1. Name the residue, out of Leu84, Leu69, that is of a type in the set (A, V, I, L, M, F, W, C), under 12 Å from Phe6 (Cα atoms) and out of contact with any Pro (no Cβ under 6 Å at 6 or more places or on another chain).
2. Counting only residues that are buried (at least 19 other Cβ atoms within 10 Å of the Cβ) and over 24 Å from the mean Cα position of the chain (by Cα), which one in the stretch 337-373 is modelled with the highest pLDDT?
3. Out of (1) small (Gly, Ala, Ser); (2) surrounded by 23 or more Cβ atoms within 10 Å (Cβ to Cβ); (3) touching a Phe, Trp or Tyr at 6+ places or on another chain (Cβ under 7 Å); (4) within 20 Å of Gly15 (Cβ to Cβ), the odd one out for Ala275 is which?
4. If I ask for residues that are exposed (fewer than 13 other Cβ atoms within 10 Å of the Cβ) and free of Cβ contacts under 8 Å to residues at least 60 places away in the same chain, which ones from the stretch 21-59 would you list?
5. Just give me the residues in the stretch 30-68 being of a type in the set (Lys, Arg) and either outside the structural domain of Leu101 (by TED's automatic domain parsing) or touching a Lys or Arg at 6+ places or on another chain (Cβ under 8 Å) (or both), in sequence order.
6. I'm told Ser65 meets every condition in (1) over 21 Å from Leu92 (Cβ atoms); (2) in contact with a strand residue (DSSP E or B) (Cβ under 8 Å, 6 or more places away or on another chain) except one. Can you identify the failing condition by its number?
7. I'm trying to understand the selection: among the residues of the stretch 85-112, which are assigned to a helix (DSSP H, G or I), of a type outside the set (Ser, Thr, Tyr) and buried (at least 20 other Cβ atoms within 10 Å of the Cβ)?
Amino acid sequence: MKVVAFLINQLRKSGPVNVLYELVANIDRTRYKPIVIKLMTDDPNKNITTKFEEIGIEVIGFKFSFWDLELRTKRVAHIIGDCLLEKKVVLLHSHGYHPLLISSYVNLDIIKLDTQHCISIDSFRASRGRIIGTYMHYRYVYRLKKISAAVSISKSVKDYYSHFNFPILIHMIYNGVNMEQFVLGVHDKQYWKKKLGFANVNLLIVVVGHLSKLKDPLLVVKAYISMVNQGYLKNSSLLFCGAGSEEKECKALAQNYSQIIFKGYVFNVADYLRAADVSICASHSEGFGLNYIEALASGALVLSSKISTFNEFSQIYPLLQKYQFGKGNQKELEEVLMRVEKKTENIDSLMDDVIANFSSIRMAMEYMDLYDVYLNSPNV
């Protein structure tokens, strides 16, 4: 059995880690033995290492600091290389900025793949500021040339990285969602509303994700308050599942509106989406938009910003095009919310298609097929 190592910074609740979990959970272990190597110590409040261990995944943890990974990259790569040798790893699959850097410096004759989870210039600038973020972007792009191949999580991401004319192939595999959490059990939204304390709410709007400038939760709060003040969205609630740098300002703006609720990080996101009538994705940049697909799979109508990834989804599902709004455009979001009050479409038909085409099982099969190609024909 061939050993595949997945290299990641931390195992904390986030989009890329959720995708990694679904990938290793669905790998055929008669073909591959997956192990996970995490480079840093986890935040104890967000650590989901045990979730991986419970499904029989070996997790090897290191305690490198950010500056170890950034300034002592080659030394860290040497240590990781020794670990890979010991475990007889034949393919190293990195997820994230530092994991890609480390992988690119590992001096072993193994296949190295990297999953591109974001548009680097946008994501790195948002998380680290313009100067450091730009430096990280160029370093990431340069080191991508030193691995075997890359995998983009959407056509939009692939198009972005293809402009750099890498000497490696860039493949595209959509992220996958564990559809069982939406397919199994009760499908009635009123049941879930009652269970979560929203039995008397006619319109439940749920926003899932990090409350950061890149996700623009402030835009959602401002648009919702404006609509409520104009007499619209009666008997509705706006619920945020997530936390982040914009949380304080959002709460300050919403302090006089009891129908705006901040739940912080929750581990039962699927339950809230199953209760949701509407979900809003206001991001300024996304590699994929896992929450978008999860919301559709749960039967929620998705309102989204007009960014390349969400435009890609709305081309697949044209019904959703009229529920898009300009990035950062409060007036357009309010107009879309007005359409929600008057909507007559039934989106149940979308649920079946989303469940069929964006499942974690499909994703894992495509990755395994790709592993086969590179391990059987390393010069592809």
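The values are calculated or read from the model by the stated rules, or taken from the named source; none is laboratory data. Just so you know, these numbers come straight off a predicted model, no measurement behind them. Note that each Cβ is placed from the backbone with ideal geometry, even for glycine, and that neighbours are counted across all protein chains shown.
1. Leu84
2. Leu337
3. Ala275 satisfies all of (1) small (Gly, Ala, Ser); (2) surrounded by 23 or more Cβ atoms within 10 Å (Cβ to Cβ); (3) touching a Phe, Trp or Tyr at 6+ places or on another chain (Cβ under 7 Å); (4) within 20 Å of Gly15 (Cβ to Cβ) except (4).
4. Within the stretch 21-59, Arg29, Thr30, Asp43, Pro44, Thr50, Glu54, Ile55, Gly56 meet the criteria.
5. Arg31, Lys33, Lys46
6. Answer for Ser65: the failing condition is (2).
7. Listed by number, the residues that qualify are His98, Pro99, Leu100, Leu101, Ile102.
Yes/no per residue for (1) among the acidic types (Asp, Glu); (2) modelled with pLDDT of 95 or more; (3) under 30 Å from Asn268 (Cβ atoms); (4) more than 25 Å from the chain's Cα centre (by Cα):
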| position | (1), (2), (3), (4) |
| --- | --- |
| Ser14 | no, no, yes, no |
| Gly56 | no, yes, yes, no |
| Phe64 | no, yes, no, no |
| Leu71 | no, yes, no, yes |
| Ile80 | no, yes, no, yes |
